[in-house]
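Notes follow the structure.
The values are calculated or read from the model by the stated rules, or taken from the named source; none is laboratory data. This is a predicted model, so every value here is computed, not measured. Positions of Cβ are backbone-derived with ideal geometry, glycine not excepted, and every protein chain shown enters the neighbour counts. For accessibility, only protein heavy atoms count, side chains too; no ligands or nucleic acids. Shrake-Rupley method; radii C 1.70, N 1.55, O 1.52, S 1.80 Å.
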Amino acid sequence: MRYTFQISILLFALAATISCNDKKEEVALNQIQVIGSHNSYKIPIEEPLWDYIFSVDSNTAISLQYGHIPIIGQLNMGLRNLELDIFHDPEGGYYSNPKGLEVVKEMGHELQEFDKEGKLEIPGLKMFHIQDIDFRSHHLLFKDGLAAMKEWSDDNPGHTPVFVLINAKDKQEEGLSKPLPFTKAALDSIDIEVRSVFDENQLITPDWVRGNSATLEEAILTKGWPGLEKSKGRFLFVLDENKEKINRYIEGHGSLKGRVLFVNTPEGNPEAAFRIINNPVKDAGYIQELVQKGYMVRTRADSGTKEARSHDYTRFEMAKQSGAQVISTDYYIPTTLFKSTFKVCFEDGSYERLNH
């Protein structure tokens, strides 16, 4: 099924050229600004389990009280940023029995249906938020989430590029099951699974952006990012991780040669191109500086449900003004989990625009 949206019509009518001192120049990929979702796969924690978490740690429970419509629905609305948490599970079954299900059962509540297809038993990367307590996902398999994105893309050729951030989660949380570590082989499996779903011409890769330049950073600072027109119908993946994990991903792939994902590494490194700066209030000047130099930046319009509860748009306004190309939110539509009308979108109701 094909979908046509007013914003896409408006954007692409403008996207071929922009006026600069009466000279026509092609719009580059980093000259757009898009809104997307944070933890895009997440289904809200079921009420009995959330109530239990609240009784143990109210601050954590409040920060987790959000969820999303299915990924294809988000893309149909016009969102162009997705954020995915993945867990390593090469043999399958490691995350099949989250402790939270037992908590709900012991409290005498009827369990909501969970993984009736046995997806968690299948070897491969899994996709959910936090083991044991926040495990409900529209796609328990990372590969299934990718397949949904590809299905939508195939049905909507010529769409604005979609930016996809990935957290490779292996942090031990107190009282929760110990996740499997993201070794180099585990990080390699991210590339393998992405490439098993998407064709090369559906990806914006470091190799494609680097071209003949000596490094990725040199490419984006001198010749710049590819044109928006050339980037239509593609996905750009970013590894949003700590320095240790990023270095493990880079090892043997200097300047990200042969890799699928960009990485959040500071400027001055051969791999620097896409930065993740979460706080557009505290770091507004820094984000503006990065954008002016040619880097792409993702920031957040809200965090931990705080802005939605207080109806505070300060962070979103600063995100827009900073020039960050990618803005993440939990509230592209208002929540139904608590009383709030907080909604993040551009002034015309859209989720993508040229970056002014």
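Odds and ends about this structure:
- The chain: translational diffusion in µm²/s, Stokes-Einstein, Kirkwood Rh over Cα pairs, 20 °C, 1.002 mPa s: 102 µm²/s
- Spin-label pair Glu121/Lys339, simplified geometry with 7 Å Cα→Cβ offset, distance in nm: 4.6 nm
- When shorter helices are ignored and each DSSP H run of at least 4 residues is given -39500 (n - 2.57), the per-residue value for the chain at 222 nm works out to -9000 deg cm²/dmol.
- The relative contact order of the chain comes to 21 percent, based on Cα pairs under 8 Å that sit 6 or more residues apart.
- P(r), alpha carbons of region 110-174 - 10 Å bins starting at zero, rounded %: 16, 43, 29, 10, 1
- Region 232-245 - phi-based ³J(HN,Hα) in whole Hz, Karplus 6.51/-1.76/1.60, Gly and Pro as x: 4, x, 10, 10, 10, 9, 10, 8, 9, 9, 6, 4, 4, 6
- For region 310-356, the solvent-accessible area of protein heavy atoms averages 45 Å² per residue (probe radius 1.4 Å; ligands and nucleic acids excluded).
- Reach of Lys150 by Cα under 14 Å, taken over aspartates and glutamates that are not fewer than 8 positions away in the same chain: Glu193, Asp199, Glu200
- Gained length - Asn355 relative to Asp57, 0.36 nm times residue gap less alpha-carbon distance: 103.2 nm
- Integer Hz, Karplus 6.51/-1.76/1.60 couplings in order for region 186-196, x for Gly and Pro: 5, 5, 4, 5, 4, 4, 4, 5, 4, 6, 6
- Only the Cβ atoms of Lys and Arg (+1) and of Asp and Glu (-1) were treated as charged; on that basis the dipole of region 175-227 about its Cα centre amounts to roughly 180 debye.
- Amide hydrogen neighbours beyond the local backbone of Asn81, cut-off 5 Å, H modeled: Gly36, Ser37, Phe163
- Taking Gln33, Gln292, Gln131 as the candidate residues, the one with maximal mean-square fluctuation in a Gaussian network model of the chain, Cα springs under 10 Å, is Gln292.
- Rounded percent of accessible protein surface that carbon and sulfur make up, region 83-168, 1.4 Å probe: 46 percent
- Hydrodynamic analysis of region 66-139 uses the Kirkwood radius over alpha carbon pairs. Inserted into Stokes-Einstein at 10 °C and 1.306 mPa s, it gives a translational diffusion coefficient of 115 µm²/s.
- DSSP beta bridges fully contained in the chain are about 35 percent antiparallel.
- Region 303-309 - phi-based ³J(HN,Hα) in whole Hz, Karplus 6.51/-1.76/1.60, Gly and Pro as x: 7, x, 6, 5, 5, 5, 6
- Per-atom-type breakdown for region 281-348 gives carbon and sulfur 51% of the accessible area (1.4 Å probe, protein chains only).
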